[in-house]
Amino acid sequence: MPQGTAEVAVRMLRLPNGPGIELFEFSGPRQGGAALPCDLGWQHVALYVDDLDEALRLVAEAGGVRLSEPVPLPGPEAGERNRFAYCRTPWGGTVELLTYPDAQPYEKDTDLRRWRP
């Protein structure tokens, strides 16, 4: 970290049956604006949610901003109720929330599944 950088906050999350995530907030002399989805490098994280509308409500309740209305997932993730939306965290990061409760097109041709119950 450059001299003058300070760790303001840290949150540790443990996802059920999945990875842990560490979120850090820093202040410092070299900070720029939030990355946009078209920028080079890592600029967002996608998270699966069971209830997209409720997740977007919780984002707003926590101080985040919805960047788009939910839209249908395209291509290999398509399905009647399969949707996604982008939002901005209170600290400026971009998060994609997605849900695919309906079968995906590839499932017609194989027994392989993305999720296992």
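The values are calculated or read from the model by the stated rules, or taken from the named source; none is laboratory data. Because the structure is a prediction, the values reported are computed rather than measured. Methodologically, a virtual Cβ is constructed for each residue, glycine included, from the backbone with ideal geometry; neighbour enumeration extends over all protein chains shown. Please note that ligands, DNA and RNA were not included when accessible areas were found on the heavy atoms of the full protein model with its side chains. Shrake-Rupley method; radii C 1.70, N 1.55, O 1.52, S 1.80 Å.
Values for this structure:
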read-out	value
Percent of C-alpha pairs per 10 Å bin, the chain, short to long	11, 34, 34, 15, 5, 1
Pair Val10, Gln43: separation of 7 Å Cα→Cβ label points (nm)	2.9 nm
All-pairs alpha carbon distance profile, the range 1-40, 10 Å steps from 0, percent	23, 34, 36, 7
Gained length - Phe26 relative to Trp91, 0.36 nm times residue gap less alpha-carbon distance	22.4 nm
Solvent-accessible area per residue, Å², over the chain with all protein chains present [probe radius 1.4 Å]	74 Å²
Largest to smallest accessible area among Leu97, Leu58, Leu40 [probe 1.4 Å]	Leu40, Leu58, Leu97
Gained length - Asp102 relative to Ala62, 0.36 nm times residue gap less alpha-carbon distance	11.5 nm
The chain - percent of accessible surface contributed by carbon and sulfur, probe 1.4 Å	56 percent
The chain: calculated mean residue ellipticity at 222 nm from DSSP helix runs of at least 4, using -39500 (n - 2.57)	-2500 deg cm²/dmol
Gyration tensor verdict on the range 26-82 (Cα atoms; rounded if a/c is under 1.5, prolate if a/b is larger than b/c, oblate otherwise)	oblate
Heavy atoms of Thr89 accessible to a 1.4 Å probe, total area in Å² rounded to 10	20 Å²
